[in-house]
Amino acid sequence: MSQVPGGADTLVVIPTYQEAENIRAVLTRVRAAVPDAHILVVDGTSPDGTADLARSLGAELGNIDVLDAQHAAGLGGAYRAGFRLGLERGYGTIVEMDADLSHDPEAIPSLLSTLHETQAALVIGSRYVPGGSIPNWSRHRQALSRWGNRYAAFVLGISVSDATSGYRVYRAETLEQAGYDTTTTAGYGFQIELAYRVSRTGGGIAEVPIRFVDRVRGNSKMTTTIAVEALGLVTWWGIRDRSRDLYRRVRGGSSTPPETA
(Lines give C-alpha, C1' and ligand atoms only; values in the text may rest on other atoms or scores of the structure.)
Protein backbone atom coordinates (compact mmCIF):
# COMPACT_ATOMS: atom_id res chain seq x y z
CA MET A 1 0.00 0.00 0.00
CA SER A 2 1.06 3.60 -0.61
CA GLN A 3 2.80 5.48 2.20
CA VAL A 4 1.63 8.90 1.00
CA PRO A 5 -0.31 10.69 3.77
CA GLY A 6 -3.98 10.14 3.07
CA GLY A 7 -3.23 7.50 0.47
CA ALA A 8 -4.38 3.91 0.13
CA ASP A 9 -2.52 2.98 3.34
CA THR A 10 -4.93 5.13 5.39
CA LEU A 11 -8.24 4.07 6.92
CA VAL A 12 -10.67 6.64 8.35
CA VAL A 13 -12.88 5.07 11.04
CA ILE A 14 -16.17 6.87 11.74
CA PRO A 15 -18.54 5.46 14.40
CA THR A 16 -22.19 6.32 13.84
CA TYR A 17 -25.50 6.06 15.64
CA GLN A 18 -28.52 7.98 14.39
CA GLU A 19 -26.46 10.16 12.02
CA ALA A 20 -28.68 10.03 8.93
CA GLU A 21 -28.82 13.83 8.87
CA ASN A 22 -25.03 14.15 8.77
CA ILE A 23 -23.71 11.06 7.01
CA ARG A 24 -23.78 12.38 3.44
CA ALA A 25 -22.00 15.61 4.36
CA VAL A 26 -19.30 13.97 6.46
CA LEU A 27 -18.52 11.20 3.95
CA THR A 28 -18.48 13.61 1.02
CA ARG A 29 -16.13 15.97 2.83
CA VAL A 30 -13.82 13.19 4.03
CA ARG A 31 -13.60 11.84 0.49
CA ALA A 32 -12.71 15.34 -0.77
CA ALA A 33 -10.05 15.79 1.93
CA VAL A 34 -8.36 12.41 1.39
CA PRO A 35 -9.45 11.12 -2.04
CA ASP A 36 -7.42 7.90 -1.92
CA ALA A 37 -8.06 6.87 1.70
CA HIS A 38 -10.50 4.13 2.64
CA ILE A 39 -13.44 4.97 4.92
CA LEU A 40 -15.04 2.60 7.41
CA VAL A 41 -18.40 3.53 8.94
CA VAL A 42 -18.96 1.56 12.15
CA ASP A 43 -22.69 1.75 12.77
CA GLY A 44 -24.46 0.78 15.97
CA THR A 45 -27.59 -0.47 14.18
CA SER A 46 -29.05 3.01 13.78
CA PRO A 47 -32.86 2.88 13.44
CA ASP A 48 -32.81 5.99 11.22
CA GLY A 49 -31.13 4.18 8.32
CA THR A 50 -27.63 5.64 8.72
CA ALA A 51 -25.98 2.38 7.61
CA ASP A 52 -28.07 2.08 4.44
CA LEU A 53 -27.32 5.67 3.50
CA ALA A 54 -23.60 5.06 4.05
CA ARG A 55 -23.72 1.97 1.80
CA SER A 56 -25.40 3.97 -0.94
CA LEU A 57 -22.79 6.68 -0.64
CA GLY A 58 -20.09 4.01 -0.78
CA ALA A 59 -21.35 2.98 -4.20
CA GLU A 60 -21.35 6.64 -5.24
CA LEU A 61 -18.05 7.83 -3.74
CA GLY A 62 -16.04 4.61 -3.65
CA ASN A 63 -13.85 2.97 -0.99
CA ILE A 64 -16.45 3.14 1.78
CA ASP A 65 -17.42 0.11 3.85
CA VAL A 66 -20.01 -0.24 6.61
CA LEU A 67 -19.40 -2.45 9.64
CA ASP A 68 -22.33 -3.55 11.78
CA ALA A 69 -21.43 -2.82 15.42
CA GLN A 70 -24.67 -4.06 16.94
CA HIS A 71 -22.87 -5.93 19.70
CA ALA A 72 -20.10 -3.39 20.31
CA ALA A 73 -20.02 -1.73 23.74
CA GLY A 74 -20.52 1.98 23.12
CA LEU A 75 -18.02 4.29 21.45
CA GLY A 76 -15.05 2.32 22.71
CA GLY A 77 -16.48 -0.92 21.38
CA ALA A 78 -17.15 0.65 17.98
CA TYR A 79 -13.56 1.87 17.72
CA ARG A 80 -12.15 -1.46 18.84
CA ALA A 81 -14.18 -3.18 16.11
CA GLY A 82 -13.07 -0.66 13.49
CA PHE A 83 -9.41 -0.81 14.50
CA ARG A 84 -9.49 -4.62 14.47
CA LEU A 85 -10.80 -4.70 10.91
CA GLY A 86 -8.31 -2.05 9.81
CA LEU A 87 -5.35 -3.96 11.23
CA GLU A 88 -6.58 -7.23 9.72
CA ARG A 89 -6.67 -5.55 6.32
CA GLY A 90 -3.15 -4.20 6.70
CA TYR A 91 -3.69 -0.43 6.92
CA GLY A 92 -0.65 1.36 8.28
CA THR A 93 -2.39 4.54 9.42
CA ILE A 94 -5.77 4.79 11.10
CA VAL A 95 -7.75 8.01 11.56
CA GLU A 96 -10.61 8.31 14.03
CA MET A 97 -13.19 11.07 13.95
CA ASP A 98 -16.81 11.88 14.81
CA ALA A 99 -19.64 11.75 12.30
CA ASP A 100 -21.41 14.95 13.38
CA LEU A 101 -19.04 17.40 11.59
CA SER A 102 -17.70 18.76 14.88
CA HIS A 103 -14.39 17.55 13.42
CA ASP A 104 -13.62 19.36 10.16
CA PRO A 105 -12.57 16.71 7.59
CA GLU A 106 -10.29 19.28 5.96
CA ALA A 107 -7.96 18.92 8.96
CA ILE A 108 -7.19 15.26 8.18
CA PRO A 109 -4.23 16.03 5.86
CA SER A 110 -2.63 18.17 8.58
CA LEU A 111 -2.94 15.37 11.14
CA LEU A 112 -1.55 12.83 8.69
CA SER A 113 1.35 15.05 7.64
CA THR A 114 2.34 15.57 11.27
CA LEU A 115 2.34 11.81 11.84
CA HIS A 116 4.49 11.13 8.78
CA GLU A 117 6.89 14.03 9.34
CA THR A 118 7.59 13.27 13.00
CA GLN A 119 8.36 10.26 15.17
CA ALA A 120 4.98 10.56 16.91
CA ALA A 121 3.07 7.36 17.56
CA LEU A 122 -0.19 9.28 17.90
CA VAL A 123 -1.32 12.69 16.63
CA ILE A 124 -4.27 14.34 18.35
CA GLY A 125 -6.41 17.12 16.89
CA SER A 126 -6.37 19.42 19.91
CA ARG A 127 -8.68 22.21 21.03
CA TYR A 128 -6.28 23.32 23.74
CA VAL A 129 -2.95 24.00 22.05
CA PRO A 130 -2.19 27.41 20.49
CA GLY A 131 -4.35 27.83 17.41
CA GLY A 132 -7.05 25.44 18.62
CA SER A 133 -10.54 26.75 19.37
CA ILE A 134 -14.12 25.93 20.36
CA PRO A 135 -16.05 28.94 19.03
CA ASN A 136 -19.55 27.86 20.09
CA TRP A 137 -18.91 26.85 23.69
CA SER A 138 -19.63 29.04 26.71
CA ARG A 139 -16.74 30.00 28.98
CA HIS A 140 -18.17 27.73 31.67
CA ARG A 141 -18.28 24.72 29.38
CA GLN A 142 -14.77 25.38 28.08
CA ALA A 143 -13.47 25.74 31.62
CA LEU A 144 -14.97 22.40 32.66
CA SER A 145 -13.46 20.65 29.65
CA ARG A 146 -10.03 22.27 30.09
CA TRP A 147 -9.87 21.43 33.79
CA GLY A 148 -11.04 17.89 33.12
CA ASN A 149 -8.19 17.46 30.67
CA ARG A 150 -5.71 19.06 33.05
CA TYR A 151 -6.87 16.73 35.80
CA ALA A 152 -6.39 13.70 33.53
CA ALA A 153 -2.92 14.86 32.47
CA PHE A 154 -1.86 15.44 36.09
CA VAL A 155 -3.25 12.22 37.54
CA LEU A 156 -1.99 10.05 34.70
CA GLY A 157 1.31 11.88 34.20
CA ILE A 158 0.85 12.46 30.47
CA SER A 159 1.90 15.53 28.50
CA VAL A 160 -1.34 15.94 26.54
CA SER A 161 -3.52 19.05 26.49
CA ASP A 162 -6.61 17.39 24.98
CA ALA A 163 -6.73 13.72 25.98
CA THR A 164 -10.50 13.63 25.45
CA SER A 165 -10.33 14.65 21.79
CA GLY A 166 -11.78 12.05 19.44
CA TYR A 167 -10.01 13.44 16.37
CA ARG A 168 -6.70 11.62 16.03
CA VAL A 169 -4.38 9.49 13.92
CA TYR A 170 -2.57 6.31 15.02
CA ARG A 171 0.16 4.24 13.46
CA ALA A 172 -0.99 0.63 13.17
CA GLU A 173 1.89 -0.61 15.31
CA THR A 174 0.96 1.93 17.98
CA LEU A 175 -2.49 0.42 18.39
CA GLU A 176 -1.05 -3.07 18.67
CA GLN A 177 1.68 -2.06 21.14
CA ALA A 178 -0.83 -0.18 23.30
CA GLY A 179 -3.15 -3.18 23.42
CA TYR A 180 -6.16 -1.33 22.00
CA ASP A 181 -8.14 -4.59 22.00
CA THR A 182 -7.83 -4.98 25.78
CA THR A 183 -9.10 -1.49 26.61
CA THR A 184 -12.19 -1.64 28.79
CA THR A 185 -13.95 1.72 28.45
CA ALA A 186 -17.19 2.03 26.52
CA GLY A 187 -17.74 5.82 26.57
CA TYR A 188 -15.56 8.84 25.88
CA GLY A 189 -13.08 7.65 28.49
CA PHE A 190 -11.83 5.39 25.68
CA GLN A 191 -9.93 8.36 24.22
CA ILE A 192 -8.14 9.01 27.52
CA GLU A 193 -7.45 5.32 28.10
CA LEU A 194 -5.82 4.77 24.74
CA ALA A 195 -3.76 7.98 24.87
CA TYR A 196 -2.59 6.92 28.33
CA ARG A 197 -1.62 3.50 27.06
CA VAL A 198 0.33 5.00 24.17
CA SER A 199 2.20 7.22 26.62
CA ARG A 200 2.94 4.26 28.92
CA THR A 201 4.48 2.30 26.05
CA GLY A 202 6.86 5.21 25.39
CA GLY A 203 5.18 6.37 22.21
CA GLY A 204 5.40 10.09 21.42
CA ILE A 205 2.17 12.07 21.21
CA ALA A 206 1.89 15.21 19.07
CA GLU A 207 -1.01 17.68 19.07
CA VAL A 208 -2.22 19.71 16.10
CA PRO A 209 -4.63 22.63 16.64
CA ILE A 210 -8.18 22.15 15.40
CA ARG A 211 -11.36 24.20 15.38
CA PHE A 212 -14.07 22.18 17.15
CA VAL A 213 -17.68 23.13 16.45
CA ASP A 214 -20.91 21.80 17.94
CA ARG A 215 -23.09 19.62 15.77
CA VAL A 216 -25.76 21.45 13.78
CA ARG A 217 -28.06 18.47 13.16
CA GLY A 218 -28.91 15.49 15.36
CA ASN A 219 -28.39 14.92 19.08
CA SER A 220 -25.19 14.75 21.08
CA LYS A 221 -24.27 11.37 22.59
CA MET A 222 -22.37 13.00 25.49
CA THR A 223 -24.07 12.78 28.90
CA THR A 224 -23.13 13.70 32.46
CA THR A 225 -22.95 9.99 33.29
CA ILE A 226 -20.35 9.43 30.56
CA ALA A 227 -18.25 12.38 31.79
CA VAL A 228 -18.38 11.22 35.40
CA GLU A 229 -17.44 7.69 34.33
CA ALA A 230 -14.37 9.01 32.52
CA LEU A 231 -13.14 11.08 35.50
CA GLY A 232 -13.70 8.16 37.86
CA LEU A 233 -11.68 5.86 35.63
CA VAL A 234 -8.87 8.40 35.34
CA THR A 235 -8.60 8.53 39.12
CA TRP A 236 -8.55 4.73 39.37
CA TRP A 237 -5.92 4.29 36.63
CA GLY A 238 -3.68 6.90 38.22
CA ILE A 239 -3.84 5.35 41.70
CA ARG A 240 -3.49 1.81 40.37
CA ASP A 241 -0.53 2.39 38.08
CA ARG A 242 1.41 4.72 40.34
CA SER A 243 1.13 2.09 43.06
CA ARG A 244 2.35 -0.59 40.66
CA ASP A 245 5.22 1.58 39.45
CA LEU A 246 6.30 2.32 43.01
CA TYR A 247 6.19 -1.38 43.87
CA ARG A 248 8.29 -2.28 40.84
CA ARG A 249 10.86 0.40 41.62
CA VAL A 250 11.16 -0.85 45.19
CA ARG A 251 11.53 -4.42 43.92
CA GLY A 252 13.98 -3.35 41.20
CA GLY A 253 11.63 -4.08 38.32
CA SER A 254 10.60 -1.89 35.42
CA SER A 255 7.41 -0.10 34.61
CA THR A 256 5.07 -1.72 32.10
CA PRO A 257 2.03 -0.52 30.18
CA PRO A 258 -1.20 -0.31 32.16
CA GLU A 259 -2.91 -3.64 32.67
CA THR A 260 -6.59 -4.10 32.18
CA ALA A 261 -8.89 -3.77 35.14
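The values are calculated or read from the model by the stated rules, or taken from the named source; none is laboratory data. The structure displayed is predicted, hence computed values, not measured ones. Virtual Cβ from ideal backbone geometry, glycine too; neighbours counted across all protein chains shown.
Overview of values
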read-out: Complete set of residues in segment 94-132 that are under 29 Å from residue 232 (Cβ atoms) and either assigned to a strand (DSSP E or B) or of a type in the set (Ser, Thr, Tyr) (or both); value: 94, 95, 96, 102, 122, 123, 124, 125, 126, 128
read-out: Residue tally, condition touching a Leu at 6+ places or on another chain (Cβ under 7 Å), part of a helix (DSSP H, G or I) and β-branched (Val, Ile, Thr), over segment 186-205; value: 1
read-out: Tabulated pairs, segment 65-88, first surrounded by fewer than 16 Cβ atoms within 10 Å (Cβ to Cβ), second of a type in the set (S, T, N, Q), C-beta under 7 angstrom, 6+ apart or interchain; value: 68/45; 70/45
read-out: Boolean, residue 20 is at pLDDT 95 or above, within 26 Å of residue 115 (Cβ to Cβ) and either surrounded by fewer than 15 Cβ atoms within 10 Å (Cβ to Cβ) or more than 20 Å from the chain's Cα centre (by Cα) (or both); value: no
read-out: Qualifying residues in segment 133-157 (those that are of a type in the set (S, T, N, Q) and outside any helix (DSSP H, G or I)) - the one nearest to residue 231 (Cα to Cα); value: 138
read-out: Breaking point among (1) closer than 17 Å to residue 168 by Cα; (2) at pLDDT below 95, for residue 103; value: (2)
read-out: Verdict on residue 193 being out of contact with any strand residue (DSSP E or B) (no Cβ under 9 Å at 6 or more places or on another chain), surrounded by fewer than 18 Cβ atoms within 10 Å (Cβ to Cβ) and of a type outside the set (Phe, Trp, Tyr); value: no
read-out: Residue check, residue 178 without any contact (Cβ under 8 Å) to a residue 40 or more places away in the chain, farther than 30 Å from residue 24 by Cβ and out of contact with any Phe, Trp or Tyr (no Cβ under 8 Å at 6 or more places or on another chain); value: no
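Conditions (1) surrounded by fewer than 22 Cβ atoms within 10 Å (Cβ to Cβ); (2) of a type outside the set (Lys, Arg); (3) touching a strand residue (DSSP E or B) at 6+ places or on another chain (Cβ under 6 Å), marked per residue:
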{"position": "96", "(1), (2), (3)": "no, yes, yes"}
{"position": "99", "(1), (2), (3)": "no, yes, yes"}
{"position": "106", "(1), (2), (3)": "yes, yes, no"}
{"position": "111", "(1), (2), (3)": "no, yes, yes"}
{"position": "142", "(1), (2), (3)": "yes, yes, no"}
{"position": "165", "(1), (2), (3)": "no, yes, yes"}
{"position": "177", "(1), (2), (3)": "yes, yes, no"}
{"position": "189", "(1), (2), (3)": "no, yes, no"}
